[in-house]
Ligand code: HEM
């Protein structure tokens, strides 16, 4: 969980958060109680997603100028769209992630997962150690996403770097110099994206940008959607896999490393991480008008931080239940029901993300028996709405 949030108690359904790490102040109304979180997500007219892609730390002049120079803009299209155009655009994007398409992708996901796991095994054989974030978790979700969207599979290392940089720029607390570095990276990503959009419109066959253009989206709108989707559609899954691998190897997951080699074992650890420390632990909304929540008045413009993961149960079967007195099993079910959001903006990639994470964890466990964690205290990505260990370094114990 974000350090800004651990400072807050858990007494009421909604709490005012005033301090954040460093110098930035972060005045969110924090909503942790699951029923209240769901209520906010379902009262879309009262609580708008318009702030979904706003920078947590206001960008300063030099960083803004770098972005302006390339025409960087994120007009509302999908995640931050609170207008009547959202449903139609969502339908176009959902057409690329139907349940049948996702299920049909499983053999390809498994193929990529096996390849990655065997590469990790080769690294272990060669150098004695490997970072499973880079070797196993990073690339397959990006390849799968580009293939599903009908886009060329290229520049994956750059895409991974741009995704992480943009997450920090918009969901982190970068100082002025760091903002400038991150803005340069975001500008490079945007220029690359604009080229990709233009190229895709002229390419044969079906792809995301052709479908969006047919739906009437402008160039900047397509870039805005691509910017969000090319990050949200793969880096969040990489981060979920990274945490699952780390907890398994640390021995704190409900199943052991060897158990994760089965389908049931890998699925259960992925679900456990989603409920207890998802890669997207929070998401934002903003009060569109003066209203109330759980009997509390909420002023128009109040920024709200919803806790989607980590507050409800600590571990399947043995966690504290929420609400108090409720059986752990049903508490888990309720908790799981929020991890991909809820209502009209619910994540379009939920099924894909879970499938990818389970298959990749399963294949890594099957291909790498007997490995052990080398670094028990890795650096973590800790942003307002994203979290994961940056590395999961492993080796093989001597025989
Ligand atoms: C572990 C992985 C992932 C997590 C935890 C996650 C979580 C979320 C959350 C919390 C939201 C906001 C929901 C709301 O506002 O109610 C969201 C939105 C979204 N996600 Fe995901 N996501 C993941 C992976 C993916 C993937 C793989 C894709 C696509 C391939 C994807 C596509 C989207 C889209 C398009 C939206 C916006 C939907 C809309 O506004 O209508 N996500 N996701």
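Looking at the range 154-165, can you tell me whether even one residue there is within 16 Å of residue 231 (Cβ to Cβ), outside any helix (DSSP H, G or I) and within 22 Å of the chain's Cα centre (by Cα)? Yes, the range 154-165 contains a residue that is within 16 Å of residue 231 (Cβ to Cβ), outside any helix (DSSP H, G or I) and within 22 Å of the chain's Cα centre (by Cα). Screening residue 216 against (1) surrounded by 19 or more Cβ atoms within 10 Å (Cβ to Cβ); (2) away from the ligand (no atom under 14 Å from the Cβ); (3) not in a helix (DSSP H, G or I) leaves a single unmet condition, (1). Under the condition of being buried (at least 24 other Cβ atoms within 10 Å of the Cβ) and either within 16 Å of the ligand (Cβ to nearest atom) or on the phi > 0 side of the Ramachandran plot (or both), the residues counted in the range 260-271 number 3. When 298, 286 are checked against the criterion of being over 23 Å from residue 140 (Cα atoms), surrounded by 18 or more Cβ atoms within 10 Å (Cβ to Cβ) and more than 16 Å from the ligand (Cβ to nearest atom), 298 stands alone in meeting it.
For the structure I just gave you, tell me whether residue 50 is in contact (Cβ under 8 Å) with a residue 40 or more places away in the chain and away from the ligand (no atom under 13 Å from the Cβ). Outline the logic, then answer.
Details: in contact (Cβ under 8 Å) with a residue 40 or more places away in the chain: yes; away from the ligand (no atom under 13 Å from the Cβ): no.
Taking the combined requirement at face value, the residue does not satisfy it.
Reported count of residues in the range 333-365, each being within 16 Å of the ligand (Cβ to nearest atom) and at pLDDT below 95, is 4. Remark: pairs (first residue in the range 343-366, under 14 Å from residue 262 (Cα atoms); second residue near the ligand (Cβ under 6 Å from one of its atoms); Cβ separation under 7 Å; 6+ apart in sequence or on different chains) = 357/237; 357/240. Checked against (1) at positive phi; (2) surrounded by 19 or more Cβ atoms within 10 Å (Cβ to Cβ); (3) away from the ligand (no atom under 16 Å from the Cβ), residue 370 passes all but a single condition, namely (2).
Mind listing just one residue for me: the one in the range 228-259 that is farther than 18 Å from residue 360 by Cβ and within 12 Å of the ligand (Cβ to nearest atom) and, of those, surrounded by the fewest Cβ atoms within 10 Å (Cβ to Cβ)? Top of the filtered list is 228. You will find that of 206, 184, 178, the residue that is closer than 30 Å to residue 62 by Cβ, out of contact with any strand residue (DSSP E or B) (no Cβ under 9 Å at 6 or more places or on another chain) and in contact (Cβ under 8 Å) with a residue 40 or more places away in the chain is 184 and no other.
Quick check: is even one residue across the range 128-139 farther than 20 Å from residue 356 by Cβ and surrounded by fewer than 21 Cβ atoms within 10 Å (Cβ to Cβ)? Yes, there is a match, as at least one residue in the range 128-139 is farther than 20 Å from residue 356 by Cβ and surrounded by fewer than 21 Cβ atoms within 10 Å (Cβ to Cβ). If you take the residues in the range 77-88 that are more than 8 Å from the ligand (Cβ to nearest atom) and in a helix (DSSP H, G or I), which one is farthest from the chain's Cα centre (by Cα)? Once the filter is applied, the top-ranked residue is 88.
Yes or no, residue by residue, for (1) within 16 Å of the ligand (Cβ to nearest atom); (2) under 29 Å from residue 90 (Cα atoms); (3) assigned to a helix (DSSP H, G or I); (4) touching a residue at least 24 places away in the same chain (Cβ under 8 Å):
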position	(1), (2), (3), (4)
110	no, yes, yes, yes
117	no, no, yes, yes
124	no, no, yes, yes
133	yes, no, yes, yes
147	yes, yes, yes, yes
150	yes, yes, no, yes
170	yes, yes, yes, yes
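Using the structure shown, decide if residue 319 is within 19 Å of residue 46 (Cα to Cα), modelled with pLDDT under 95 and surrounded by 14 or more Cβ atoms within 10 Å (Cβ to Cβ). No; evaluated as a whole, the condition is false for this residue.
The values are calculated or read from the model by the stated rules, or taken from the named source; none is laboratory data. This structure is a prediction, so every number in the text was calculated from the model and none was measured. Please note: Cβ atoms are built from the backbone with ideal geometry, for glycine as well, and neighbour counts cover all protein chains shown.
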